[in-house]
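Q: Sending over a structure as structure tokens; questions will come in a sec.
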Amino acid sequence: MELPFPRRHCIVCGKKFLPHHQNQTLCSDECRKNRRKVYRETLAQKDYPRNWRKQQKLKILSVLGNKCILCGRSQSILFHDKSFINHYHTDGYVLAHINDFVVLCKRCHTMVHFLNRIFGLSWNEILSLKKKQH
């Protein structure tokens, strides 16, 4: 009789076990309980500074600028993808495609997406509206 899934090693204790489904990585309930502890220990071994995410954001903002390009505010700023395609980019992606992003404050970011969704305006059309105002 052939086994439905090959034997595996538990990621917590290292014992061999026969999984019940193809994604099973733990051999017992005890290992499920210890999983969080092991996960924390492995994170502690990695040498990430506590404020690594903030450092990455500051690095990107130093390249893009520290003020909203529409209103000039410097509080609550974030980077926005000009193509309106995806908001969930890694910092490495943003740095590699820096010309596709701009800095906006939260208020202008909300307005830009409103203009895009409701009126179908592209990024260049929104910028031309801004220039007409001034």
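Derivation of every value follows stated rules applied to the coordinates shown; laboratory data play no part. Please read all numbers here as calculations on a predicted model, not as lab measurements. Cβ placement follows ideal geometry from the backbone for every residue including glycine, while neighbour counts extend to all protein chains displayed.
Q: Quick one: what does P(r) look like for the chain with 5 Å bins over all Cα pairs, in whole %?
A: 2, 8, 13, 13, 11, 7, 7, 8, 9, 9, 7, 4, 2, 1, 0, 0
Q: Going down the list LYS59/LYS82; LYS15/LYS57; LYS16/LYS54; LYS54/LYS82; LYS54/LYS131, which pairs span over 30 Å between their C-alpha atoms?
A: LYS15/LYS57; LYS16/LYS54; LYS54/LYS131
Q: Express in whole angstrom the spacing between the alpha-carbon centres of the range 115-130 and the range 51-88.
A: Going from one Cα centre to the other spans 19 Å.
Q: I've got another one for you. Counting each DSSP H run of 4 or more residues in the chain as -39500 (n - 2.57), what helix-only mean residue ellipticity at 222 nm follows after dividing by all residues, to the nearest 500 deg cm²/dmol?
A: -14000 deg cm²/dmol
Q: Which residue fluctuates most in the GNM of the chain (Cα springs below 10 Å): ILE98, ILE69, ILE118?
A: Greatest mean-square fluctuation among the candidates belongs to ILE118.
Q: Using θ = phi - 60° and the Karplus form 6.51 cos²θ - 1.76 cosθ + 1.60, what ³J(HN,Hα) does each residue of the range 7-23 get, whole Hz, x for Gly and Pro?
A: Values, residue by residue: 4, 10, 9, 5, 6, 9, 9, x, 5, 7, 8, 9, x, 8, 9, 5, 9 Hz.
Q: For a label point 7 Å from the Cα of MET111 along Cα→C-beta, name the residues of the range 58-101 whose backbone N is under 12 Å from it.
A: The answer is 68-73.
Q: Of LEU78, LEU121, LEU61, which is the most mobile in a GNM of the chain whose springs link Cα atoms less than 10 angstrom apart?
A: Result for the chain, Cα springs under 10 Å: LEU121 fluctuates most.
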